[in-house]
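> What follows is a single structure, and I will ask about it in a moment.
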Amino acid sequence: GVHDDRKNEPYMWTNGFWGGLMWLLYAGTGDEGYKKAAIHSSAYVNRGLKEYEYLYHDVGFMSHIVNGAHSRLTGDSGAKNINLFMAAALASRYNIDGGFIRAWNMDFAEGWSIIDSMMNLPLLYWASGEIGDLRFKRIAMAHADMALRDHIREDGAVNHIVVHDTENGQPIKFYTDLGYDQGFSAAGCWSRGLAWAIYGMALSYIHTGKEAYLSAAKKTANYFIAHAAATDFKPLCDFGQTPDKVYYDSTAGVCAACGMIEIARHTDDCEA
């Protein structure tokens, strides 16, 4: 499915994952075969630049782990250029009055933000570093600050979708589940969304040094660990789902673990 030719497939949020894995393998082994596979994959992903209106909040997932890695590992100017265009597309989604990066493109989603976007912010941090312009980093931090306030709850659980007043940014409503696999109810806690918060806040701390992000990463990680422990560390799809609807999401566990590894690199030995 990832490399077929259906019209909108270049815009699938997972399209950068295969190429990103190939770059990781190339970095770890030096095997040119992985590099070749990564570049082949990026040629498909980069078709996404052809239609601006199809681009959305996940361009970091789509591009940065492919083009960003390509630029970093080889110095390729073409990959850098494409990634900067993707960063500009992501920055253009920022709602100045509301202080958040808009999710999706549907008419009804104008005021929506989602916890997933924490994982796309590294594209903006990277762009600021590449061109020496803090505007991208400031947009990323403004969105992360909003997530601290509106997405992460006091107990470390997360709200998946927040509907904001587009003029003042105040939360109006909370959602989860668009009919896919994104949680049981808005009152619960979608485990993969929680993993995005753990990992994303850890990454924002790494790029900025802001202690509030590291604290949030720890708080969400502690919530994840405590609730996953109740099911022998097989994460439920939603930690608030009712006993009659038991679904698991191993992917949430993997993503959360990656975030916890990053947290451990920035804490004392005992906490790590």
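> In the range 217-236, what residues are aliphatic (A, V, I, L, M), open to solvent by 10 Å² or more (accessible area, probe 1.4 Å) and within 18 Å of the chain's Cα centre (by Cα)?
Hits for the range 217-236: nothing passes.
> Of the residues in the range 100-118, how many are among the charged types (D, E, K, R) and crowded, with 21+ Cβ neighbours inside 10 Å?
Adding up the residues that qualify gives 2.
> When the range 76-94 is examined, which residues are found to be closer than 17 Å to Gly19 by Cβ and open to solvent by less than 60 Å² (accessible area, probe 1.4 Å)?
Asp76, Gly78, Ala79, Ile82, Asn83, Met86
> Which helices (runs of 4 or more DSSP H) sit wholly inside the range 11-115 and have at least 3 residues that are at pLDDT 95 or above and touching a Ser or Thr at 6+ places or on another chain (Cβ under 6 Å)?
77-91
> Of the numbered conditions (1) surrounded by 20 or more Cβ atoms within 10 Å (Cβ to Cβ); (2) over 15 Å from the mean Cα position of the chain (by Cα); (3) touching a residue at least 60 places away in the same chain (Cβ under 8 Å), Asp97 fails exactly one; give the number of that condition.
Against the list (1) surrounded by 20 or more Cβ atoms within 10 Å (Cβ to Cβ); (2) over 15 Å from the mean Cα position of the chain (by Cα); (3) touching a residue at least 60 places away in the same chain (Cβ under 8 Å), Asp97 comes up short only on (1).
> Within the range 208-233, how many residues are part of a helix (DSSP H, G or I) and touching a strand residue (DSSP E or B) at 6+ places or on another chain (Cβ under 9 Å)?
6
> Could you go through the range 123-143 and let me know if any residue there is touching a Phe, Trp or Tyr at 6+ places or on another chain (Cβ under 8 Å), surrounded by 22 or more Cβ atoms within 10 Å (Cβ to Cβ), modelled with pLDDT of 95 or more and part of a loop (DSSP other than H, G, I, E, B).
no
The values are calculated or read from the model by the stated rules, or taken from the named source; none is laboratory data. Here the structure is a predicted model, which is why all the values come from computation and not from measurement. FYI the Cβ positions are ideal-geometry reconstructions off the backbone, even for glycines, and counts take in every protein chain you see. Ligands, DNA and RNA are stripped out before the accessible areas are found, and what is left, the full protein with its side chains, is counted by its heavy atoms. Shrake-Rupley method; radii C 1.70, N 1.55, O 1.52, S 1.80 Å.
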